[in-house]
Each structure stands twice: as C-alpha cells, then as structure tokens.
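Notes follow the structure.
The values are calculated or read from the model by the stated rules, or taken from the named source; none is laboratory data. Small disclaimer: the values here were computed from a predicted structure and weren't measured. Here the Cβ positions follow ideal geometry from the backbone for every residue, glycine too, while neighbour counts run over all protein chains shown. With ligands, DNA and RNA removed, areas are computed over all heavy atoms of the protein, side chains included. Shrake-Rupley method; radii C 1.70, N 1.55, O 1.52, S 1.80 Å.
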Amino acid sequence: MSYDLQQPDGIEKNKLYAEDTAVHDWYRFVLSYPPHLVRQYLQRFQVCPGQTVLDPFCGTGTTLVEAKKLGFASIGTEANPVVQFAAQTKLDWTLDPAALVSHAQTLATVAQARLTAHPGDWKSLDPDREKLLLTNSISPLPLHKALLLLETLDTAPDSVFRPIERLAFAKQLVSTASNLYFGPEVGVSRRKKEDVPLVEAWFAQISKMAADLATVADRSQVPAQVYLGDARSLPVAIAPASIAAVITSPPYPNEKDYTRTTRLESVLLGFLGSKQELRDHKQRLLRSNSRNIYKDDREGDLVAHCDRVMALADQIEQRRLELGKTSGFERAYHRVVRNYFGGMWRHFADLRPLLKSGASLAYVVGDQASFFRIPIRTGQILAELALDLGYEVVAIDLFRTRLATATQEQLREEVVVLRWPG
C-alpha cells in the first residue's frame, strides 16, 4: 500500500513546516527533504531508543539531527568535506551557550578593531585558490573582511568553540558576504555586494546558534557520528548488523555539480586548495553528473545485466547523435546514467551486512529529465536494483512534485521504501 506524503494544504502544511526549527538552519547544503518527513518515517519504521539510524548520504544532517532530537543514535557518511564538517558540528550539543556567546563577543571585538586599524590593507586569496572560485563569487572588500574574521577565529586560544564559530562563518560567508544565488544551480548575481557588515552578521548567527543549543541540551549525550566517506564503500567502523533504519536522499542523476554549491566556503575554510584536490574530491562522489565522470569509471558494468538501465543509457546516446550534440559533457550523459545506477547498486550491496534483520529503509529520490529531456524514473529503477540484491520493495510513496525548468513538466519526488529481510 502506498504511504502518501503529499504536502497538505492550508494550515496543516504551515504547521508542518513550522517544525523545521532548532539546529537545522545553521547551515544548509541541499535540503532534499524537511525534518517532518524524517519524523514520519522514523515513526512508521517504529524505531526505538537503543537502535541506530543511518544516513549514508547525510548532507548537513537533517536525518541525524531529527534522530538525535528523538533520542535515537545515528550515523552518517558524507563525501563532501565541508558538508561533513557542517553536519558533525551541528550534532555537537555539549557546548555552553552562554560561554559560546561570550567567546564570540570577544572575537567580534578583536575583528572589528583589526578592520579599523588597517583600512587600506586588504587581504586576498592566492591565485591557485582564487581559480577554484566562480568568478566574482565575492567582492574584494567582503573577501578582505571574511579572511580577517577567519584569521581571528583560527588564532583564538580557546579551540573548543572553533568548529561552531567556523560553521557560523561559513553560513554568513555565503548568505551575507557573497554574490552567489541558488536556484537549480549556483550562480553569480549581476548586482555585486561591495561592502557588508560581516562581523555583525556572524555574531548574530552565533547568538542564534547558542539559543538553539539551549533548547536541545537534554539530548546532548545521544550518540551521533558523521564519517567523511563514500556511500558506495561504507566505513568499516560501522558494526555489522547494527543498523535498524536508513533514511537518506542520494544525489539525483542530473547536471547539478554539487561541488560548485559549496565551493566558496570549501576554499576559504581550507577544505580545497588546488585543482588536483578538487578532482580527487569529485572522484569520491557518486557519479551523478557529467562533471565527475572519468574515463576509468567502470561502475556501469555492475548494472550491465539491468535491461532498463542499459536501454535508458542507449536512448540518451541515440538522442545525442540525432541532435548532433558533440560537447564532452553531452557525450558523457549516457555514461552518467550507467555509472550512477552502478554506484547505487554498489551502495545497496555494500550496505547489506550492516543492516539488522527486518531493517527498514527510505530513499528520497526524484525523477529527472536533464539529459536531452529523456525521463529518468529514478525511484522505479532504484527499486528494481534493490530487489535484485535481495531487498523487499515495500512501497514507492509520492513525496511531492516539482516543476522541471527545461520542460515545464511536473516531475515526481518519491520515497522508495525497502526492507532488508536478513
């Protein structure tokens, strides 16, 4: 039976979204689903205290935050270093809120004094790091303020607050200081910010974080760990047969380069420093777009037996030839499809030993039409792959629909519900 999670209308819809509160707003990467969806599936799966929830594509930790708020231990893996940092920092609820605000107030005073002491001596990035950024991601004066504030944070003597202070910096770097905007893809606004009150915005963010910490202090000891790792090869630190539930949202097969979304904060915080580091990082990601497909990729071979995946890839390549498209990105589209589903097949296979008998799983995924407008029924195909690997397909629930920018069609976002029989 389908478990319908279409967004309700009117007052009830507003009530559900009002529940997206403490901790979630600290930093967002791609929020594929709202917290209330996690709560609904945790309830449906009858997860109990003492059991462990896994999110193998955890992003900034929506599933893990909700699990911790409800008293459930949780584990996440995330392949993007700055996003993994954000998720792990969001899950540390042991800090003293008042001490955090006091420490940040001291640093804000120091940073402001340094800004006024040398007004014409602007800091800038070295050329190798600057080349990694989208052109005009941030204007010279806001960049100077950001680098000076970050230097103040990183040289402060009390390091216990450094992660959360750097996380607040990352959020305000993008939302207050940068020229970036976020739609289907990240872009640079024509209207540039020549100056911004960055230190003030950073301190306001710290104050909000401290207030949120005060509301979740009673759950501070609930275990939550985020590993930097590839969901196609899960960490050996996760004990066999230890996972009672999985709630996650993997990347969708489309032309969205997720590394561009976090490029500015990745560079300034030191997670990326060269083009080679960027390439190494992309190679650790699930192959979901043509910008992280490489000639040596062979995961498509894992689904060579899946007629539906092979036919879809062949259809996309045939459409490319019919249209006479010859760019390197377009020639890679059919390989993205094969390697994306091959990577997910590998993930499902690698996950099996970690699951308890009877474990329940929910994968939030979306249909796509990015490759020459040929529809990719992501949820249906993933369900077939999971079935092939011994999972039971319980349901494919409609979560919501969204408008495709290229075709103006409504595409389905679904929750593929699985069960591992053991």
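Tabulated data for the structure shown
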item	result
Selected from L382, L143, L323 as most flexible by GNM, with the chain as the system and alpha-carbon contacts under 10 Å	L323
Table column - 3J(HN,Hα) (Hz), the range 248-254, Karplus curve with 6.51, -1.76, 1.60, x for Gly and Pro	7, 9, x, x, 9, x, 7
Probe 1.4 Å, accessible area per residue of the chain, Å²	43 Å²
Packing-based ranking, highest mean first, of 186-195, 129-138 given that Cβ atoms within 10 Å are counted	129-138, 186-195
HN-Hα J in Hz across the range 283-293 - Karplus 6.51, -1.76, 1.60, θ = phi - 60°, x for Gly and Pro	5, 8, 9, 4, 6, 10, 8, 6, 7, 10, 9
Rounded to 5, percent antiparallel among DSSP beta bridges of the chain	55 percent
11 Å reach of a label modelled at S357, 7 Å along Cα-to-Cβ, counting backbone N of the range 408-422	421-422
Surface share of carbon and sulfur [accessible, 1.4 angstrom probe, percent] for the chain	51 percent
Structure-derived semi-axes √(5λ) of the Cα gyration tensor in Å: which label, when the choices are (i) 38, 31, 25; (ii) 52, 28, 18; (iii) 36, 28, 19	(iii)
Inter-centroid distance (Cα atoms) of the range 82-121 relative to the range 185-216, Å	12 Å
Residues with amide H under 5 Å from that of A73, placed H, sequence gap 5 or more	G50, Q51, V53
Cβ-derived FRET efficiency at R0 22 Å, S220 paired with C48, nearest 0.05	0.60
FRET efficiency for D280 and A241, using Cβ-Cβ distance with R0 set to 45 Å, rounded to 0.05	0.85
Dipole axis of the chain (+1 Lys, Arg; -1 Asp, Glu on Cβ), positive-most option in V83, P119, A156	P119
Violating pairs (Cα-Cα greater than 20 angstrom) within the set K171/K208; K193/K282; K90/K145; K123/K192	K193/K282; K90/K145
Cα-centre dipole for the chain with unit charges at Cβ (Lys and Arg positive, Asp and Glu negative), debye to 20	560 debye
Mean Cβ count within 10 Å, highest first, over the residues of peptides 114-122, 200-208	200-208, 114-122
